[in-house]
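Student: Before I ask anything, let me first share the structure, which is written out below as structure tokens.
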Amino acid sequence: MRRLALLQRLAREQSGAAAIEFAFALPLLVMTILGAIWVGLLVFTISSLDHSVQSAARCSAVNEQLCDTAAKTVSYAQNSYVGPAVSPTFTVSTADCGHRVVGEASFDLGILPGVKTIPLSVSACYP
């Protein structure tokens, strides 16, 4: 009889329930916040890479003083890239669409198990 009363009293006790629920929910909250930050950084990297490639293709087609050679166009693309330090590489060619610039980089996701890098490739063509 005494054990039954003790179990009933322990079942009604809720003084540490909020702390235990918070301990279960905290890792999910932290992973969600860190995931949102990494996705935002990835989107910013892609956007910056795309902008630098488009600017370099336009410079190659329009500005003959600043981007008259492929090396100068690559340098222009590297200088216009303002994203995270992913060391993008740029290649310049003349294709059937006009002046083509391709930018490639690898985005490091060492924080996720099983996923090391995400290859990024962006191209732009300006007639």
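Laboratory data are not the source of any read-out in this text; all were calculated from the coordinates shown. Since the structure is predicted, the reported quantities are computational estimates derived from the model, not experimental observations. Please note: Cβ atoms are built from the backbone with ideal geometry, for glycine as well, and neighbour counts cover all protein chains shown.
Student: Under 8 Å between Cβ atoms, which residue pairs at least 6 apart in sequence (or on different chains) link something in segment 29-48 that is not in a helix (DSSP H, G or I) with a partner that is not charged (D, E, K, R)?
Tutor: From residues that are not in a helix (DSSP H, G or I), there are no pairs.
Student: Going by the conditions given, is S60 touching a residue at least 60 places away in the same chain (Cβ under 8 Å), assigned to a helix (DSSP H, G or I) and of a type in the set (S, T, N, Q)? So that I can check it myself, show each step before the final result.
Tutor: Working: touching a residue at least 60 places away in the same chain (Cβ under 8 Å): yes; assigned to a helix (DSSP H, G or I): yes; of a type in the set (S, T, N, Q): yes.
Criteria met by S60.
Student: Return the residue satisfying two criteria in turn: it lies in segment 72-127 and is among the charged types (D, E, K, R) and part of a strand (DSSP E or B), and of such residues it is surrounded by the fewest Cβ atoms within 10 Å (Cβ to Cβ). Spell out the reasoning first.
Tutor: Let us first name the residues in segment 72-127 that are among the charged types (D, E, K, R), namely 72, 96, 100, 104, 108, 116.
Cutting the leftovers down to part of a strand (DSSP E or B) gives us 100, 104, 108.
Working: R100: 19, E104: 17, D108: 13.
Selected residue: D108.
Student: Show the residue pairs meeting these rules: Cβ distance below 9 Å; 6+ apart or different chains; first residue within segment 77-97 and more than 18 Å from S48 (Cβ to Cβ); second residue of a type in the set (V, I, T) and not in a loop (DSSP other than H, G, I, E, B).
Tutor: Short answer, once both residue conditions are applied: V92/T73; V92/V74; V92/V101; V92/V102; S93/V101; S93/V102.
Student: In addition: Please find, within segment 52-71, the residue that is nearest to T117 (Cα to Cα) out of those that are surrounded by 13 or more Cβ atoms within 10 Å (Cβ to Cβ) and of a type in the set (G, A, S).
Tutor: Across segment 52-71, the extreme among qualifying residues is S52.
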